[in-house]
1. May I ask you to verify whether A:Leu246 is within 14 Å of another protein chain (Cβ to nearest Cβ), under 29 Å from A:Leu227 (Cβ atoms) and modelled with pLDDT of 90 or more?
2. From the list A:Leu317, A:Leu285, A:Leu275, which one is among the aliphatic types (A, V, I, L, M), within 12 Å of the chain's Cα centre (by Cα) and surrounded by fewer than 24 Cβ atoms within 10 Å (Cβ to Cβ)?
3. Looking at this structure, is B:Arg135 away from chain A (no Cβ under 14 Å), at pLDDT below 90 and open to solvent by 30 Å² or more (accessible area, probe 1.4 Å)?
4. B:Val147 is checked against (1) over 20 Å from the mean Cα position of the chain (by Cα); (2) within 12 Å of another protein chain (Cβ to nearest Cβ) and fails just one. What number does that condition carry?
5. Open to solvent by less than 50 Å² (accessible area, probe 1.4 Å) and either assigned by TED's automatic domain parsing to the domain that holds A:Leu76 or not basic (Lys, Arg) (or both), is that true of A:Leu37?
6. On the basis of being farther than 30 Å from B:Glu91 by Cα and either in contact (Cβ under 8 Å) with a residue 12 or more places away in the chain or not assigned by TED's automatic domain parsing to the domain that holds A:Thr156 (or both), does A:Leu210 make the cut?
7. Any residue that is in contact with a Lys or Arg (Cβ under 8 Å, 6 or more places away or on another chain) and touching a residue at least 40 places away in the same chain (Cβ under 8 Å) - is there at least one of those in segment B:253-276?
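The values are calculated or read from the model by the stated rules, or taken from the named source; none is laboratory data. These numbers come from a predicted model, not from an experiment. Cβ placement follows ideal geometry from the backbone for every residue including glycine, while neighbour counts extend to all protein chains displayed. Side chains included, ligands, DNA and RNA excluded: accessible areas come from the protein's heavy atoms. Shrake-Rupley method; radii C 1.70, N 1.55, O 1.52, S 1.80 Å.
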Amino acid sequence: MRPEERVQIAAVLVFIARKSFRLGTLLVAVCVLSFWLVSHSPIDPVNAYVGADVMRVGPEQRAAIAAYWGLNDPPLQRLVNWGAAVLRGDWGTSMIFRQPVIDVISERFTASLALMGTAWVLSGVFGFALGIIAGARQGTWIDRCIKWYCLTLASTPTFWLGLLLLIVFAVWLGWAPVGLGVPAGVLSDEVTFGDRIRHLVLPAATLSILGVANVALHTRQKLVDVLASDYVLFARAKGESEFAILWKHGLRNVALPAVTLQFASLSELFGGSILAEQVFAYPGLGQATVQAGLRGDVPLLLGAVIFGAVFVFVGNLLADIIYRFVDPRIRWGGRYEQC
Amino acid sequence: MIAPEASEPKPILDVRDLSVSFEQYARGLQKKTLRPITSLSVTIRPGEVLAVVGSSGSGKSLLAHAILGILPSNARVTGTLRHANENLTPERQVALRGSDIALVPQSVGFLNPLMRVGAQVRSAAHNGNAAEAQRAIFARYRLAPEVAGMYPFQLSGGMTRRVLVSTAMISGASLIIADEPTPGMHSAVVEETLGHLRELAGEGRAVMLITHDIEAALTIADRIAVLYAGTTVEIASVADFTGDGQSLRHPYSKALWRALPQNGFAVTPGAQPVLDELPPGCLYEPRCPMSTPDCTGARPEVRALRGGVVRCFHAA
């Protein structure tokens with residue numbers, strides 16, 4: 001093995017070890033903090049569980065319910081019980097869904113994944129394209145329009161945009177269904193792929209339209225910087241055409257930060273999906289999380305929080321990996337310094 | 001039979017009365033006009049090295065950019081530029097830059113950080129087999145073949161210089177403009193780079209060496225154009241830079257020469273005029289020891305004097 005290879009492998013191992021340690025400490029902190037917050041929540045889990053039947057449930061029944069869910073145990077005991085369930089693999093039983101939390105999360109996350117994945121790809125592609133157009137035409141009316149559009153969107157709340165789209169496209173125009181993930185009153189076997197797509201359009205559009213602004217503004221600024229750089233000036237002096245400059249120098253130097261940013265923005269996407277799913281009553285993980293919070297379903301809420309933490313962590317990790325192992329300056333920079 | 005008059009070769013580039021200005025909005029709607037280049041005139045012939053020498057802010061780099069037509073879009077350019085006896089219009093500039101007029105830039109910052117060096121050199125080639133030409137030029141400049149696969153950040157200062165000169169070399173341009181090609185470099189690297197430029201002139205190309213380093217310029221140049229506040233105050237042959245500067249024509253050239261450590265380290269008080277408040281008369285008048293009332297009224301024109309060119313009423 002050549003010494004530089006050994007150095008490189010050592011660097012990768014250090015990177016993995018450091019990231020694993022971070023993830024471990026992050027998860028422990030998130031678990032303890034969320035559990036502490038939930039145990040101080042003003043919501044009475046028994047009332048929330050019973051719901052509208054609260055008048056018909058007597059004190060004995062309430063006590064039985066509390067005992068069944070282990071709500072009378074001291075907080076530490078409940079934390080330990082929950083931890084044991086996590087290690088067992090089912091993450092406890094959801095009080096609302098009466099199913100293992102892990103099943104609820106995996107089912108709900110599949111629905112959310114379709115939503116977030118669509119929004120992520122669309123916002124990335126359109127945002128990048130708009131940013132490139134605006135940056136290449138800096139100062140023209142088209143640049144001003146795109147900038148104005150992005151700044152307006154960047155200051156728009158997700159739920160408000162969702163409501164607006166609902167009013168226009170579902171209520172007034174009737175082009176899209178008013179909510180839910182599948183048509184109401186249809187057996188699950190009879191739900192077609194087209195039905196699912198039709199229900200996905202508006203929530204995905206809400207998330208994508210908002211996600212565009214971030215990528216577009218960032219890409220635009222980066223491209224403006226690149227086009228003002230010395231190496232673009234030199235490319236002009238070498239007689240390269242404006243198109244070649246945009247293609248060879250612009251895209252090459254803008255793409256990497258844009259992709260990195262897109263991965264790092266998974267946290268915003270996750271947060272946005274919670275609001276969008278709530279507005280559209282879309283049965284994803286975000287909506288389940290809101291229900292779990294409102295109805296005191298501690299195992300599901302904790303499961304969702306942990307899952308969200310891992311999801312965002314993975315996004316940032318991918319951004320980090322791309323940045324570190326794709327950019328030649330960072331990939332080889334350290335190696336040459338050490339040699 | 002009488003031999004035809006031994007005339008010098010025709011200039012490849014003739015810059016006459018070049019002025020570059022920028023409009024700038026200062027406070028509110030108040031407009032300021034910056035004039036970094038005023039009435040600059042210079043010519044360069046095939047096979048010669050012309051050094052354009054001046055302090056920073058004297059408009060040296062802008063001269064290079066004006067010749068190549070790569071000034072920012074808000075620049076206003078007047079005067080005439082002629083290349084090989086044809087007007088150098090913006091369309092001709094687009095056609096000629098990179099192919100017949102090449103730039104050797106200052107630093108590694110002029111290379112795309114995410115592109116391999118070899119590809120960047122090859123992109124400067126305008127005819128023939130680029131890959132073969134690049135290999136031959138790298139061999140000539142003692143750059144190992146694997147350098148072509150490196151990224152700019154992996155190059156040493158000396159390698160960067162050779163790569164940048166390679167881009168001009170591969171273009172086959174007949175006019176090469178080297179803009180400050182030796183900033184803050186080790187003297188061996190400076191010498192090597194200057195040697196490469198001299199070689200290019202030896203092959204019949206014209207080399208314009210833009211620099212603030214008058215000593216470096218003297219080692220390879222044939223003639224030296226001295227810039228002050230964006231105008232050519234004197235064009236002199238290298239031989240005139242000798243002794244205490246008595247052969248020089250303009251008081252600024254003399255001051256520049258005498259400011260060198262080995263020539264007395266003499267400091268001339270004052271500074272170059274601010275770009276938006278150029279003096280109405282001679283641009284050097286505020287600092288000039290020979291200044292008379294004539295000098296404040298009108299700007300002197302360039303005139304031939306003792307085989308060189310000078311812009312001064314009093315030069316003799």
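1. Considered against the rule, which asks whether it is within 14 Å of another protein chain (Cβ to nearest Cβ), under 29 Å from A:Leu227 (Cβ atoms) and modelled with pLDDT of 90 or more, A:Leu246 comes out as yes.
2. Every option except A:Leu275 fails the conditions.
3. no
4. Exception for B:Val147: condition (2).
5. No: the conditions fail for A:Leu37.
6. Taking the combined requirement at face value, the residue satisfies it.
7. yes
This table checks each residue for (1) surrounded by fewer than 18 Cβ atoms within 10 Å (Cβ to Cβ); (2) away from every other protein chain (no Cβ under 14 Å); (3) among the basic types (Lys, Arg); (4) within 18 Å of the chain's Cα centre (by Cα).
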position	(1), (2), (3), (4)
B:Gly28	yes, yes, no, no
B:Ser58	no, yes, no, yes
B:Ala66	no, no, no, yes
B:Leu81	no, yes, no, yes
